[in-house]
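The values are calculated or read from the model by the stated rules, or taken from the named source; none is laboratory data. Owing to the predicted nature of the structure, the values given are computational and were not obtained by experimental measurement. Heads up, the Cβs are rebuilt from the backbone with ideal geometry, glycines too, and the neighbour counts pull from every protein chain shown. When the accessible area is computed, the model is the full protein with side chains, heavy atoms only, and any ligands, DNA or RNA have been set aside. Shrake-Rupley method; radii C 1.70, N 1.55, O 1.52, S 1.80 Å.
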Amino acid sequence: MAFEQLARQMWHQIEPVHATLYYSKEAYEEAAALGYAIEPRWPSYFAWRTAPLGAAGRGLVTAAYYSFSPKMIAEYVPAIWDTAAPGRVLEARLRAMDRTVRALAGDVAPLAEAAELAVRAAESADVAHRPMAAANLALPWPDEPHLRLWQAYTVLREHRGDGHLTALQAAGFDGCEALVSFAAVGAAPAATFESRGWSEEEWAAARDRLAARGLVDAEGVATDEGRALRNRVERHTDQLAAGPWRALGEERAALLAELNRPLLGAVFESGMLPSQTTLGIGKIAVAY
């Protein structure tokens, strides 16, 4: 198996487990205890995901998140740090995931072997030019194996995400164009991305720019050239994500997938993840 293909298959395994941070009841409770409003979910989302970077301002967060409107990010950043400093957020993040994984798995002891494998993959990741992955890898490893597993998955997930942004830039997509082109190939309806904060005018302007490049037609549907370019972006993403899985090897990756399967199943059975996230698996991580 090509390691690029393995990277995609393993992403299918780890993305839903990582994403429970943004949707679990336990995480919302911990966010509320810190003082964050949980309707909408964005204050806690930006706090949870950004905290490894420290008290980052809106410029850094806009650059790292890429496909969110800068105006939307400015609504929450840096105000999230007035509610709780990054150190407190990171402590609460681990409490949230301790409670979440225990609720999903029941007995977390069987996750110890999976944690060892996932940490090995995460520590082999080249995080050059990958700020989100580097920030998470720089955090101390938790003592509890199930938290080490989740944190390793987070490093690997952000490693892929950072690489995906590189692939988008290489293809000439800006943040809004990345979403328009994704919708154009039919992977998700445009309404899925309304929460990213782009105005109708900005969306239309991005579509016009893509049309001028011959990537979408007058109705905003991807042309053959547009589909081919999106496919190249996804292949490039897989290539950039392959390093940790090449280091871990096919046999150990297969074992990790097997050990992870009960937890992954519990995530899906819980119904906590929105349909656009689960449908995005295998195409592009819609939270990037």
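Descriptive notes on the structure:
- When Cα extents along the principal axes in Å is computed from the coordinates, the matching label among (i) 55, 48, 35; (ii) 45, 40, 38; (iii) 50, 41, 35 is (i).
- Å² of accessible area per residue within the chain, as computed with a 1.4 Å probe and no ligands counted: 41 Å²
- Annotation: for a label point projected 7 angstrom from Cα along Cα→Cβ of Asp208, residues of the range 166-197 with backbone N closer than 15 Å are 177.
- Kyte-Doolittle mean at least -1.0, axial Cα span of 24 Å or more - DSSP H helices of the chain: 86-105, 145-170, 250-270
- Taking the protein heavy atoms of the range 136-288 in the context of the full set of protein chains, the accessible area attributed to carbon and sulfur is 52 percent at 1.4 Å.
- Hydrodynamic radius by Kirkwood, which averages 1/r over all alpha carbon pairs of the range 128-235, in angstrom: 15.5 Å
- Mean Cβ neighbour count within 10 Å, used as a protection proxy, ranking 102-112, 124-134 highest first: 124-134, 102-112
- Where only DSSP H runs of four or more residues are counted, the chain gives -21000 deg cm²/dmol as its mean residue ellipticity at 222 nm, each run worth -39500 (n - 2.57).
- Residue of Ser275, Ser44, Ser24 that the Gaussian network model of the chain assigns the largest fluctuation, springs spanning Cα pairs under 10 Å: Ser275
- Of the whole protein surface, Thr223 contributes about 40 Å² of accessible area at a 1.4 Å probe radius.
- The alpha carbon gyration tensor of the range 154-194 gives principal lengths a ≥ b ≥ c with a/c of 1.5 or higher and a/b no greater than b/c, which makes the shape oblate.
- Amide hydrogen proximity for Trp198: with H placed 1.01 Å from N in the peptide plane, the residues at 5 or more positions away or on another chain lying under 5 Å are Ser69.
- Amide H contacts of Val216 (H built 1.01 Å from N, in plane; Pro and chain starts excluded): Ala211, Thr223 sit under 5 Å, all sequence-distant by 5 or more or on other chains.
- Cα shape, the range 216-275, gyration tensor, a/c 1.5 rule: oblate
- When you restrict to C-alpha pairs under 8 Å that are six or more residues apart and normalise by the size of the range 55-198, the relative contact order lands at 30 percent.
- Percentage relative contact order, the chain, counting C-alpha pairs under 8 Å, at least six apart: 28 percent
- In plain terms, the chain from Arg246 to Ala191 could stretch by 16.1 nm, reckoned as 0.36 nm per residue minus the Cα-Cα distance.
- For His12, the accessible surface of its heavy atoms amounts to roughly 60 Å² (probe 1.4 Å, protein chains only, rounded to the nearest 10).
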